[in-house]
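This report concerns only the one structure given below.
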Amino acid sequence: MKKVTFLSTAIITLLFSACKNDSEFEGFTKAENGLNYKFFNHDENGAKVLEGDGITFSYLITNNKNDSLIVDSKSVSQDGSGYTKFLMPKTSFVGSLEDGMAMMAKGDSAAFIFSADSFFLKTMRMNELPPQFKPGEKLKAIVKIKDVINKKDLEANQKQQMAEQEAKMKEAEGQEKIVLDKYLADNKITVKPTESGLYLIETKKGSGAKPKAGDEVEVNYTGRLLDGKMFDSSIEKDAKEGNVFNPQRPYGPFKFILGQGAVIKGWDEAIGMLSKGGKAKIILPSNLGYGPNGGGPIPPFSPLAFEVELVSFGPAPAQPEGQMPPH
């Protein structure tokens, strides 16, 4: 009796294994949803990735037919580590790569073979298959999960980061007037600000009329934080100090149309106060500059100092009908 029971159990196990491993790809197992998978490392008791979790992972996706590379996270990761971060989305189709990743836990690595059609058309939402693929072909992905932060902890971390960022911004906002007042005192600046809060110290008188809204102006400039650090310049000799704000822009006079919102508010006001050939130092509170968000190397709530020269100005070139003026 015991022998019969043992044989029956063995047969059932064998049948189950045969059913479970009916993948047409050697070394892979086929899941009920049609996904073919193979684990290299697998923590069976580890917490599996769930929708909304934050995951850090590496991946390599190839054409399963000829192993030609589709994408490698090493070439697209922002920090060069080969790992990328994202929130685990809903599955895009039955038997998707997301379904495979939902089988994984922190530290796991695995390979998955899945439909190229569905991946490109459903996961990537492309309008058609790439030309190198035919309907019915497969992709293979090799995935390694480096870290998993569950949705609840992720939301808590995001709230904490937001609170810390808000605290820093409030501190910066409170410090702005102190920093500006000290700069004015240290540099013995006694001119009165305009109604908007702009300080303009003319260092060279220009001649003739002043530009008006809608004119195209050419300006040379150097911009600094009030601690003296330069963040942008149109003058090459100053740029050698370390222009990190816009290194791809050619040096030389900067052209823009006055009063069209192409530049920060303080510039529109200050340049409109100069005549051709005029030079000035302008000091802007952050509400006339980059405001509470800052920009590039400019922190939030940063007052700024510019040395500017109005090289020339004149009527803006006519724009083709229906085209907006350049910003």
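The values are calculated or read from the model by the stated rules, or taken from the named source; none is laboratory data. Nothing here was measured: the structure is a model prediction, and the numbers come from that model. Counting neighbours? That spans all protein chains shown, and the Cβs are built from the backbone with ideal geometry, glycine included.
Laid out as a table, the results:
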| item | result |
| --- | --- |
| Matching residues, segment 227-262, being part of a loop (DSSP other than H, G, I, E, B), buried (at least 18 other Cβ atoms within 10 Å of the Cβ), at pLDDT 55 or above and under 28 Å from the mean Cα position of the chain (by Cα) | SER234 |
| Residue in segment 105-112 that is exposed (fewer than 15 other Cβ atoms within 10 Å of the Cβ), out of contact with any Asp or Glu (no Cβ under 8 Å at 6 or more places or on another chain) and either within 26 Å of ASN33 (Cα to Cα) or among the aromatic types (Phe, Trp, Tyr) (or both) present | no |
| Residue match in segment 46-62 (condition: surrounded by 12 or more Cβ atoms within 10 Å (Cβ to Cβ), in contact (Cβ under 8 Å) with a residue 40 or more places away in the chain and among the basic types (Lys, Arg)) | yes |
| Test result for PHE133, part of a helix (DSSP H, G or I), in contact (Cβ under 8 Å) with a residue 12 or more places away in the chain and in the same structural domain as ASP72 (by TED's automatic domain parsing) | no |
| Which listed residue, of LYS159, LYS192, LYS182, LYS188, is without any contact (Cβ under 8 Å) to a residue 24 or more places away in the chain, assigned by TED's automatic domain parsing to the domain that holds LEU226, charged (D, E, K, R) and more than 25 Å from LEU310 (Cα to Cα) | LYS182 |
| Segment 71-128 - residue that is under 19 Å from the mean Cα position of the chain (by Cα) and basic (Lys, Arg) and, of those, nearest to ALA47 (Cα to Cα) | LYS85 |
| Index of the failed condition, LEU200 passing every other in (1) aliphatic (A, V, I, L, M); (2) under 27 Å from the mean Cα position of the chain (by Cα); (3) in a strand (DSSP E or B) | (2) |
| Test: ASN220 is assigned by TED's automatic domain parsing to the domain that holds ILE282, at pLDDT below 90, under 21 Å from LEU310 (Cβ atoms) and of a type outside the set (Val, Ile, Thr) | no |
| Of the criteria (1) part of a helix (DSSP H, G or I); (2) on the phi > 0 side of the Ramachandran plot; (3) of a type outside the set (Phe, Trp, Tyr), which one GLU171 fails | (2) |
| Tally, over segment 135-153, of residues that are surrounded by fewer than 17 Cβ atoms within 10 Å (Cβ to Cβ) and touching a Gly at 6+ places or on another chain (Cβ under 7 Å) | 1 |
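Here is a yes/no grid of residues against (1) out of contact with any Phe, Trp or Tyr (no Cβ under 8 Å at 6 or more places or on another chain); (2) farther than 19 Å from LEU60 by Cβ:
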| site | (1), (2) |
| --- | --- |
| PHE86 | yes, no |
| GLY107 | yes, no |
| PHE114 | yes, no |
| PHE120 | no, no |
| MET126 | no, yes |
| GLY136 | yes, yes |
